[in-house]
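The values are calculated or read from the model by the stated rules, or taken from the named source; none is laboratory data. Values in this document were obtained by computation on a predicted structure and should not be read as measured data. Neighbour counts run over all protein chains shown; Cβ positions are idealised from the backbone, glycine included.
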């Protein structure tokens, strides 16, 4: 690699081939793959997927290796220490450090300590962790941490990467008007499935909803399950649930409702490998995500990439979907709104549905994949 490229060290708890941690992995992988010809990237991460105790099969442990033009080091349990992470930062001596969590002890706090001491530029993507709903979970611990961080001026020199203007507002609310914030929408997946192939999978005589996200309280899957049970149609109805059960206690509160209810078959289908995402979306009719908060929403964008309209809450950056034929964004403070939108999606005629499929596919290609998104992400590291 050319020595005149800026050297960027990316620190992240989980990275490819991991996928159970959801959006942050895809956000970073998409950005790195899109910009690796412009920068020399180093990825420092753990050797385990979320919740796993065995390392990824077939990878080198604790060694830097070239992975498709990007240097990656997967650290095993013995290497996952504060001193080891700091040592790796010192070894790489990056021009820029890119962080992907607000609260990670190893992959945010440790590298930031080195950066502050050596005055290395830091770009930090909080990945929605400063949203009101996110801060409300484990509120006391987060409040203490943020108070100490402000007193110690720990994040003073950080450039914040906000995915949307909405996320930027959340950062300012916590860190004040002087916070240095750069808004750059996440770089989406590359999408190569032709629209005609997607259209050929429609008109099946059934209606299939899917949920594809982490299973945790903030995602509100239980609301979608409750709404699905109340749906009625002459055609067969299905609701397929994909995602890592991150909060077992939350899942236990409604898992007994994941069954065939006669009017609709609700089924948990496990964790979905990213390589199968396009195929699952292509066979689905609507994606459902009644989340409490989403700073971007890769599942939403990936649905549109594959011509799948969505039924989501208003707690995301994506608004006024119905008038754009992209789906529904509903106020979930009244769960009846979610049920009503799901029932309406069943009741629309096939011509209207195909209009939504085409609109979703076109929106992804013409709006979400704009060249300006790539340019904004490059500027993150140039400002």
In segment 193-220, which residues are under 24 Å from residue 23 (Cα atoms) and in contact with a helix residue (DSSP H, G or I) (Cβ under 8 Å, 6 or more places away or on another chain)? 193, 198, 208, 209, 210, 211, 212, 213, 215, 216, 217, 218
Can you pull out every residue in segment 129-144 that is surrounded by fewer than 17 Cβ atoms within 10 Å (Cβ to Cβ) and closer than 22 Å to residue 23 by Cβ? 132, 133, 136, 137, 138
With the checklist (1) touching a residue at least 60 places away in the same chain (Cβ under 8 Å); (2) surrounded by 17 or more Cβ atoms within 10 Å (Cβ to Cβ); (3) within 30 Å of residue 245 (Cβ to Cβ) in hand, flag the one item residue 39 doesn't pass. (3)
Subset of segment 98-107 that is outside any loop (DSSP other than H, G, I, E, B) and crowded, with 19+ Cβ neighbours inside 10 Å - its residue that is nearest to the chain's Cα centre (by Cα): 99
Where residues in segment 118-128 are buried (at least 21 other Cβ atoms within 10 Å of the Cβ) and out of contact with any strand residue (DSSP E or B) (no Cβ under 8 Å at 6 or more places or on another chain), which of them is farthest from residue 313 (Cα to Cα)? 127
I'd like the residue in segment 367-383 that is part of a loop (DSSP other than H, G, I, E, B) and without any contact (Cβ under 8 Å) to a residue 60 or more places away in the chain and, out of all such residues, is farthest from the chain's Cα centre (by Cα). 382
Enumeration of residues in segment 64-97 that are in a loop (DSSP other than H, G, I, E, B) and closer than 24 Å to residue 118 by Cα: 64, 79, 80, 81, 93, 94, 95
Do you know which of the residues in segment 305-317 that are under 16 Å from the mean Cα position of the chain (by Cα) and modelled with pLDDT under 95 is surrounded by the most Cβ atoms within 10 Å (Cβ to Cβ)? 305
At least 2 residues that are closer than 17 Å to residue 204 by Cβ in each: list the helices (runs of 4 or more DSSP H) lying fully within segment 272-366 that qualify. 277-283, 336-347, 350-363
Restricting attention to segment 246-259, and to residues there that are at pLDDT 95 or above and not in a helix (DSSP H, G or I), which single residue is farthest from the chain's Cα centre (by Cα)? 259
What do you reckon, is residue 110 touching a strand residue (DSSP E or B) at 6+ places or on another chain (Cβ under 6 Å), in a helix (DSSP H, G or I) and surrounded by 18 or more Cβ atoms within 10 Å (Cβ to Cβ)? no
Could you list, in sequence order, all residues of segment 318-339 that are buried (at least 20 other Cβ atoms within 10 Å of the Cβ) and within 12 Å of residue 220 (Cβ to Cβ)? 330, 332, 338
